[in-house]
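Enquirer: Pasting in a structure now, in structure tokens, and then I'll have a few things to ask.
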Amino acid sequence: MGYRGYGERYYEPSRPRPVKDGIKTKSQRGKIGETWWAGRWTEVLGSFDMGARLGRGRTYARRGQVMNLEIQKGMVSARVQGSRPRPYAVTIELKPLSEADWERVTEAMASQAIFAAKLLAGEMPQNIEEAFQDARVSLFPTNSEDLETDCSCPDWANPCKHIAAVYYLLAEEFDRDPFMIFRLRGKEKDELIAALRERRAGVQDAEAGAEAPAAAPEEAETVVPLEECLDRFWSAGDGLASFRIAIGPPRVPEAVLKRLGPPPFGKDGAAVLEALNRAYRSVSEQALRLAYGEDGESNAAG
């Protein structure tokens, strides 16, 4: 055994023992992970300046050195075969979000119809991180200190190649089921869907109440027998002369846009949403001018 530098141990390179039926990454070259959330995971890890250890871990992941992988709330556990007969035990911990944090995240998701619709359909929206940003928390780790890792191997480096191999397999696990990211942050898919359905129902009820005018009390209708009104059956009647169409601004301005939220395309969805808001307001104002004229008198007679 030698030393790489002051206080840092050095181990001679060794070949890992082959593993039968180990978990191999689908990708054998290039990037690992196909979806944006898998790419986001590896991008975050790459930003932590882990150096060549990530590369060695990628090789381990592609060779199938990871024997098993289990994702629980806030923790990942795995066994990785190295050069010694006994596989190494690896654990990766990511602190789960608190219930208060998840309450704010769920509220942010429910307030955007496009988020809610995709999540309730079992899909992960590409801009889901916006909901976490609105709740002032992060879905992915923001620095290496957010991850607590341990490996039973003798290498002092952290992460070692065994931990790094598990990192890369997690990316493809997120490809298979993106809701595993939520589990790692402390929320199961079923729990989130149930909470989101409840919140979304409340949002829709509140919007419907705000948009719908108060119902007028019904008056009893007097029905005249047909044989008593045959002589005037085809007449318009006095009621038609007083019929008017009431045109006015909506009770909830831009209600459709508020339900949809910022569009999921473009770099600045908020700017696109504001431009659409201005267009909607302009159309509404023009419609009111056509209906009532500049002097405010209605042109909308029946």
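Enquirer: Which net charge results for the neighbourhood of PRO141, defined as the other residues with beta-carbon distances under 14 angstrom from its beta-carbon, given Lys and Arg at +1 and Asp and Glu at -1?
Expert: -4
Enquirer: Just need the Rg to Rh number for region 121-166, please, alpha carbons only, Kirkwood Rh.
Expert: On the way: Rg = 15.6 Å, Rh = 13.3 Å.
In region 121-166, Rg relative to Rh is 1.17.
Enquirer: If you take every residue apart from ASP175 with its C-beta less than 9 Å away from the C-beta of ASP175, what net charge results, scoring Lys and Arg +1 and Asp and Glu -1?
Expert: Taking every other residue near ASP175 into account, the sum is -2.
Enquirer: Here's another thing I want to ask about it. Using a Förster radius of 30 Å, what is the FRET efficiency between ALA291 and VAL256 based on their Cβ-Cβ separation? Nearest 0.05, please.
Expert: Calculated transfer efficiency: 0.90.
Enquirer: Loop-only check: which trypsin sites (Lys or Arg not before Pro) in region 83-191 are DSSP coil with at most 10 other Cβ within 10 angstrom?
Expert: ARG136
Enquirer: Here is a further query. Per the Kirkwood definition applied to all pairs of different Cα atoms, how many angstroms is the hydrodynamic radius of region 1-152?
Expert: 18.1
Enquirer: Calculated FRET efficiency, TYR280 and ALA100, Cβ-Cβ r, R0 25 Å, to nearest 0.05? The partial results should precede the final answer.
Expert: Working: r = 35 Å, r/R0 = 1.40.
With a Förster radius of 25 Å, E is 0.10.
Rule-based calculations on the coordinates, nothing more; no lab input. Just so we're clear, the structure is a prediction, and the values are computed from it rather than from any experiment. Because the Cβ atoms are built from the backbone with ideal geometry, glycine has one as well, and the counts that use them run over all protein chains shown.
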